Amino acid sequence: MTSTAFFGLETAVIKYTRADALAEKAIIPLQFHLSDGSAEWEDNRGRKVRVASMDKMSEADANKALYTALKTEYADHLLSSGIAHWQEHRKKYPSAKCVIVTSNIKEAKRHIANLSGISARCDIATSDDSDEALKVINKMKAGKLDVLVSVAMVYEGLSIPEISHIICLTRIRSVPWIEQMTARANRIDPSAGPYDEQIGHIFAPADPLFKQVMQKIEAEQAPVMQERSSRSSREGSEDGGFRLEPAPGGIIPLSSAMTGRRDIVLSQREIPLTPEKTASEREAELREMIDSHIKRFAYQCRYMPQKLNTDIYQYFGKPRAQMTIPELERCLKHVQQTYPLSFVRGTGRRVSTKAEPINCVWR
């Protein structure tokens, strides 16, 4: 723990990590589905260059190969693979939603065209038209959209618990950007069954730079997932902090193909059918939803969950363990309204140490 002086007072600054959030069930873990592929392009001297495996290519070729792959057939194959997985997931959880992350509006329109044959409601949100993008995002929040193709809008107010799948079709490879992108799929969805059965799915290329970021996230999840499942899979590695250069000049993408997929599985289990709930099960579910909301708000706003729980106890005058179903439902509504899960990015304003019914600030 560190501390800072402010007008003569010493204030503790507590770091709340991904592992803390998972341990307290404030977020759900992620599963990565990385697809290998080949790529061929023509360089600025007219020579053809081909890599047989993005999974094994050198970092020197990474930008050109990935640029080629995402401009040609590989991107279509990765999109189809992710969409097929999402459609299968929807058979059990019809409200599940998918976000496809693209580089520009031209690519977004191409992917929308490829989705024309599926029975799902799709649209594009781009930062170039923020007003229209906000309308599209609100449609998804209202349950009127199933698939969002995003251009530079992946974490601007996009907090939708029903998002279960992210398909990454961009070359951005910075650690903070990928962490923000993947975080769209680690929200707890009350309509998707018990917490221990929820997991977010990330589909992405198996290039060296994405794997480094994935391994960092996986390492942060590992301690909790070892308790959640005896089949946690891999060890993490240091993050490389890479961001790829702009589009490589002078090359002409020729072709690419997806040659295999490797799932980085952090938790595997059979998901049983959920029978109709008894009164005691409904009480337990409501308490879990309240507890989850409090922990998520605390995680986003840097509050201590214990302080929020004390405030809620004082407001209702009794512990949640003694509340009836109607009282728990009123408590859940109160918590959702008083501690909203929206936040303002980039303001730099410090969050108060006292819980207040306002939108919080992500620092």
Name the residue, out of 150, 119, 174, that is under 29 Å from residue 67 (Cα atoms), in the same structural domain as residue 36 (by TED's automatic domain parsing) and surrounded by fewer than 21 Cβ atoms within 10 Å (Cβ to Cβ).
-> 174
Restrict the check to the range 171-188 and report whether at least one residue is farther than 24 Å from residue 21 by Cβ and at pLDDT 85 or above.
-> yes
Yes/no for residue 138 being polar (S, T, N, Q) and over 19 Å from the mean Cα position of the chain (by Cα) | no
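The values are calculated or read from the model by the stated rules, or taken from the named source; none is laboratory data. Keep in mind that this is a model prediction, so the values were computed, not measured. When we count neighbours, we look across all protein chains shown, and the Cβ atoms used for this are built from the backbone with ideal geometry, even at glycine.
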